[in-house]
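Colleague: Once you've had a glance at the structure underneath, I'll fire off some questions.
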Amino acid sequence: MIDKENFLLKSYELGIIKFGEFTLKSGIQSPFYIDLRPLASSPSLLKELSELLLEEIQEPNYQLICGVPYAALPMATAMSLESEIPLIIKRKENKGYGTKKMLEGIFTVGQTCLLVEDVITSGKSLFETIEEVEREGLKVKDIVVVLDREQGGIELLNEKGYKVHKLFSIQNVIDILYKNNLLKEKEVLKIKDFLNGNSLAISKKPRLKYEEKKELQEHPVAKKLLSIAIEKKSNLIASLDVTQTSEILDLAKKIGDYVVAIKLHTDILTDFSVDYINELKSIAQEKNFLLFEDRKFGDIGNTQQLQFEQGVYKISDWADLITSHVIAGENSLNVFSENIGVVTIAEMSSKGTLTDVTYKQKAIQISEKNSKVIGCVAQSSLPDSLLLFTPGVNLDSKGDSKGQQFNTPEKVFREYYTDFIIVGRGIYKSANPVEEAQKYREEGWRSYEATL
Ligand code: 5BU
């Protein structure tokens, strides 16, 4: 058996995939470019490839092999030699003289033909080949492709009843290259953004407006948060990481008009009380902002439930939004109540965080599946269905001595298409928190509008 990963790594050395900025035939800007033709320059790799492709079809049921011109022709030839199943050749254009045949080779009506394709994107060239082959009275059941760009082609073919077998998807390729240190995390993120249809600078696709996001969201807290953003022209969440309830109440009154939510770490308070929470709730109501408890749950479901509902703080009684890690797996999120918006932590802002690309992808998968989750904390873009909350935002500092890394509002909107900026010390530590809150609100809104 040939090792697929090993095959890919050897092929990569031939330059079959390049990373950078490329304009595809369709005019789309892509962060990678694939050309499998150089494989034919290595007979040993071409032979390995043919064996891998033949192995993909567990129950061979074909009497002919045909490659989609041109890149798959040597592959189909090698498969024919390997399997001793005859090859037929599809012309790209007819000869213009003689027989005008589009298929060359010896075959009889009713035979089944395996199609071979190098890279599948929309499936257009495959559909053309299928049409020609079927017009000659042959049947197509199985199709084998080396690489799926994951842009919908396979689904279209499946819908029409063709069975598509793929050796690699672009995600597989990226994961393998990343694992082998051949791609940097930043490049991986760029490519995954592109594949998520969420590409930023790369495709120049405009971001969704808050109004459009509101339509996409089912959760009432997400809708409410977006409504406040639209109404106040603000995407600012102030993180009031102070230790006295009086400081929070004072700041909340002063800056409440400029924020969509106030984020809290209730467990750092030295004088928590139910009266304090009631007062904060009434300020929130009056000033129209939500209460966001940054509890970062990270335990098994049963413990999280106790931490959420019990103890001194009884978070479930008053929070509109909470943060939770997904480290304990998807079921650990089931304990939060329906009326609270869960924001999962997909990626942290601190230097050396363990939330790498793979972790983030898995966190997104869990978050997308769970109806209680309205979005994620992250430092890069997310699928449109999730709201993006970005902490580590400061206009005057690049970081602190304890690992925090700061970006400007402008950068996180331009590069990640964030939805909400979370600002802590930039506001509560400043000499004039009201002025700063106004400044971050304006800067955040201006940066959001610039990306539309
Ligand atoms: P700062 O003072 O602006 O650094 O405060 C940032 C806040 O966001 C603070 O409450 C952190 O606990 C919180 N935070 C963060 O900074 N980075 C993260 O990745 C996550 C939360 Br998750």
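Colleague: Got a number for carbon plus sulfur as a percent of the chain's accessible area, 1.4 Å probe?
Modeller: The value for the chain is 49 percent carbon and sulfur by accessible area.
Colleague: Can you give me the relative contact order of the stretch 168-275 as a percent, contacts being Cα pairs under 8 Å and 6 or more apart?
Modeller: Across the stretch 168-275, relative contact order equals 17 percent.
Colleague: So between residue 182 and residue 339, what do we pick up on full extension, going 0.36 nm a residue minus the alpha carbon distance?
Modeller: Fully extending the segment from residue 182 to residue 339 adds 52.1 nm.
Colleague: Sticking with this one: Run through the stretch 282-335 and list the trypsin sites (Lys or Arg not before Pro) located in a DSSP loop whose Cβ has at most 15 other Cβ atoms within 10 Å.
Modeller: Here the trypsin sites (Lys or Arg not before Pro) that fit, given the DSSP loop and packing criteria, are 314.
Colleague: Something else about it: Among 253/411; 90/141; 209/411; 4/184, which pairs are too far apart, with a Cα-Cα distance over 24 Å?
Modeller: Those over the limit are 253/411.
Colleague: Oh, and also: Given N residues in the chain, what is Rg(Cα) / (2.2 N^0.38 Å)?
Modeller: The chain yields a ratio of 1.23.
Colleague: Working with all protein chains in place, sort 162, 313 by solvent-accessible area computed with a 1.4 Å probe, largest first.
Modeller: 313, 162
Colleague: With the cut-off at 1.5 for a/c, could you classify the stretch 210-450 from its C-alpha gyration tensor as rounded, prolate or oblate?
Modeller: Rounded, because the longest to shortest axis ratio a/c is under 1.5.
Colleague: Sticking with this one: Full extension from residue 81 to residue 208: what is 0.36 nm times the residue separation minus their Cα-Cα distance, to one decimal in nm?
Modeller: Length difference between fully extended and current span is 40.5 nm.
Colleague: For the stretch 4-203, what does the relative contact order come out to in percent, with C-alpha contacts under 8 Å and a separation of six or more?
Modeller: The normalised contact order for the stretch 4-203 reaches 17 percent.
Colleague: Give me the 1.4 Å probe accessible area per residue for the chain, excluding ligands and nucleic acids, in Å².
Modeller: About 46 Å² of surface per residue is accessible.
Colleague: Here's another thing I want to ask about it. Assuming R0 = 51 Å, can you tell me the calculated FRET efficiency for the pair residue 196 and residue 104, based on Cβ-Cβ distance, to the nearest 0.05?
Modeller: Once the sixth-power term is evaluated, E becomes 0.75.
Colleague: Pairs of Cα atoms under 8 Å, at least six residues apart: use those to get the relative contact order of the chain, whole percent.
Modeller: With pairs under 8 Å counted, the relative contact order is 10 percent.
The values are calculated or read from the model by the stated rules, or taken from the named source; none is laboratory data. Owing to the predicted nature of the structure, the values given are computational and were not obtained by experimental measurement. Cβ atoms come from the backbone with ideal geometry, glycine included; neighbour counts cover every protein chain shown. Please note that ligands, DNA and RNA were not included when accessible areas were found on the heavy atoms of the full protein model with its side chains. Shrake-Rupley method; radii C 1.70, N 1.55, O 1.52, S 1.80 Å.
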